[in-house]
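Here the structure comes first, spelled out in structure tokens, and everything after it is commentary.
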Amino acid sequence: MSDFVDWHLAPEEGSALADLGWLPTSSMVKAATPVTARGNGLVVVAPPAPAYAAPALAGLAAHLRTHSGTALLLVPGTTIPAWETLLNPLLSDTAVRWSALRGPTRGRRVFEASGPQFVLTTPETAAALQRRSELDPQALGAVVIIWPEQWDEDAMLPGLLQELPENASRIIVTAEPGRVTDLTTRYAWKAATAGSLDAPVEASPPVEVVTTPWHQRRMAVRRILEITDPKTVRVWSADTSEHGDIRSDLEADGFPDSMEHGEVPSLEAEVIVAYDIPTQSLLGNWTAERIFVLTPPGTESWASRWLPGAKPFDAGSEVALARTERTGEREAILARIQGGDLASTLLDLVPLFERFGAPHTAAALLDLWRGRIEKLPKQTPPSSPSPSARLWVNAGRKDEVSANDLVGLLTRELHLPRQQVGKIEVRETYSLVEISGEGRAVAEQLTGKMIRRRRIVARLDQGPQHPRH
């Protein structure tokens, strides 16, 4: 694509962007691609969808093609599949290869490889590799920090970013620039900015948000159409990376020629489904009886702030497909939701939500409650003996720390089984956490972690005589 030559892209890099639906005249291409192609710093401001970062990453690929080196892409763990879906078509025909690390196992082999490459991983994995001396910041050609507002902590960033070579590119992709001002000021203060977020405006009709895992968005679209049964529909996405599969689904459901993407001036249909989260300027030009926006894990809080008036829609609800007579069950569930503290139960269900989505998980639990599954697989029940250790943690109520925060830190960051976590007492300036297992090892792993912007110090509790500071 010779038109992309003006933005310093090789033909194969320009073709990849064009195949994803981008034009040389697209506003994000003009603002982002030439900056990263020259190896300069950039802050990409856009709704939380990988597609918006494609022009910046294409420019970075062009830079690495001529300068070699490794670009380290740091993303929230639950979003790795979504970024893989973008990187595969963007880089598959270029001179830059890419790989994804879901853990530190293959780290040494990946980073010892020669030639230009993108390495996609999480901040936690990168920190582990750096501690093991398998990731040398001095050998990196670029670091791309993606959606840091979703990270649990940024404790690993100073050690990594401060050791980068002076000429290494620093790129930040954010949907909430106000929350990462300190990060931008410290590590990308000379960076240009591409994109912006319009002021939130309540849509009419109100947007209906559909919570669904990244990899189940296609299924969510089909369920929306099955439930709403519209005469006309438009499905919009930020790029065309998944258009082939979605178009096949729509044609099978009787909706040919219903896909749209990118900076379309306007859309009109009975039902409009946003496969990616759209900008406010696009949303304001849509006319429909019902507008649905898919919100995968990590995007819900953004949607609640930037889509005012939005209401939830359960795309997997069998109740919406066929009204039943189980009014009593629904009333009992509603009473439990309104009258109970479900925070700890929700933490137990997070892995299932991330893998199967909330609707499927809720349906399975309802089946169990009704007794439709006569016999569950026999498993050895987790033992719950008295805890073998109690940890003292230097964060308490004055730090706005809750028991749920500590449970989340132990189960998500340290991968400690939930049944190993016992009673948690949150005091004014510290907390006491009972656990089964090797307490000293857990304390060492906790120390240095961040919770509510406070760096954790943890140690075995010594009882009342131990000083509380």
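When the helices in the chain are scored as -39500 (n - 2.57) per DSSP H run of 4 or longer and the sum is shared across all residues, what 222 nm value do you end up with, to the nearest 500 deg cm²/dmol? Walk me through the numbers before you get to the answer.
Details: 18 runs with 164 residues, N = 469.
Taking each H run of at least 4 residues, the total per residue is -10000 deg cm²/dmol.
Please order T36, T85, T211, T429 by the number of other Cβ within 10 Å, starting at the fewest.
Taking fewest neighbouring Cβ atoms as first place, the list is T429, T85, T211, T36.
Give the relative contact order (percent, whole number) for the chain; include only Cα pairs under 8 Å separated by 6+ residues. List each step's numbers first, then the result.
Numbers: 816 pairs, mean separation 61.5, N = 469.
Once normalised by length, the contact order is 13 percent.
Using DSSP to call loops (not H, G, I, E or B), can you name the chymotrypsin sites (Phe, Trp or Tyr not before Pro) in segment 176-233 whose Cβ has at most 12 other Cβ atoms within 10 angstrom? Walk me through the intermediate numbers first.
Numbers: sites: Y187, W189, W214; in loops: W189.
Here the sparse-neighbourhood loop sites are W189.
Please rank Y275, Y430, fewest neighbouring Cβ atoms within 10 Å first, as an exposure proxy.
Numbers: Y275 26, Y430 21.
If I rank by nearby Cβ atoms, fewest first, I get Y430, Y275.
Quick check: Cα centre of segment 183-261 to Cα centre of segment 402-439, how many Å?
Going from one Cα centre to the other spans 38 Å.
Can you give the % of DSSP beta bridges in the chain that are antiparallel, to the nearest 5?
Numbers: 14 of 59 bridges.
Just about 25 percent of them are antiparallel.
Can you tell me the relative contact order of segment 208-321? Whole percent, Cα pairs under 8 Å, sequence separation 6 or more.
40 percent
Taking the radius of gyration and the Kirkwood hydrodynamic radius from Cα positions alone, what is the Rg/Rh ratio for the chain, to two decimal places? If you can, show how the numbers build up before the last one.
Details: Rg = 24.2 Å, Rh = 24.5 Å.
We get a ratio of 0.99 for the chain.
Kindly state, to the nearest 0.05, the FRET efficiency for I333 paired with K311, given R0 = 22 Å and r defined as their beta-carbon distance.
Details: r = 19 Å, r/R0 = 0.85.
Efficiency at R0 = 22 Å is approximately 0.75.
Within 10 Å, at most 11 other Cβ atoms, and a DSSP state outside H, G, I, E, B define an exposed site. Report the longest part of the chain free of exposed GluC sites (Glu not before Pro). If you can, show how the numbers build up before the last one.
On the way: sites that count: E166, E202, E325, E374, E428, E438.
So the longest stretch without any such site is 1-165.
Place a point 7 Å from Cα of E84 in the direction of its Cβ. Which residues in segment 237-261 have their backbone N less than 19 Å from it?
Inside the label zone: 241-246.
In what order do D341, D405, D367, D249 fall by count of nearby beta-carbon atoms within 10 Å, going from fewest to most? Don't jump to the answer; show the numbers that get you there.
Details: D341 8, D405 18, D367 11, D249 15.
Arranged by neighbour count, lowest to highest, D341, D405, D367, D249 become D341, D367, D249, D405.
Please find the FRET efficiency linking S248 to L23, where r is the Cβ-Cβ separation and R0 is fixed at 25 Å, and quote it to the nearest 0.05. Write down the numbers at each step before the final one.
On the way: r = 25 Å, r/R0 = 0.99.
My answer for the efficiency is 0.50.
Taking H as built 1.01 Å from N, whose amide H comes closer than 5 Å to the amide H of N40, not counting residues under 5 places away?
none
Each value in this text was obtained by applying a stated rule to the coordinates, not by laboratory testing. Bear in mind the structure is a predicted one, so any value in this text is a computation, not a measurement. In this analysis, Cβ positions are derived from the backbone assuming ideal geometry, glycine residues included, and neighbour counts consider all displayed protein chains.
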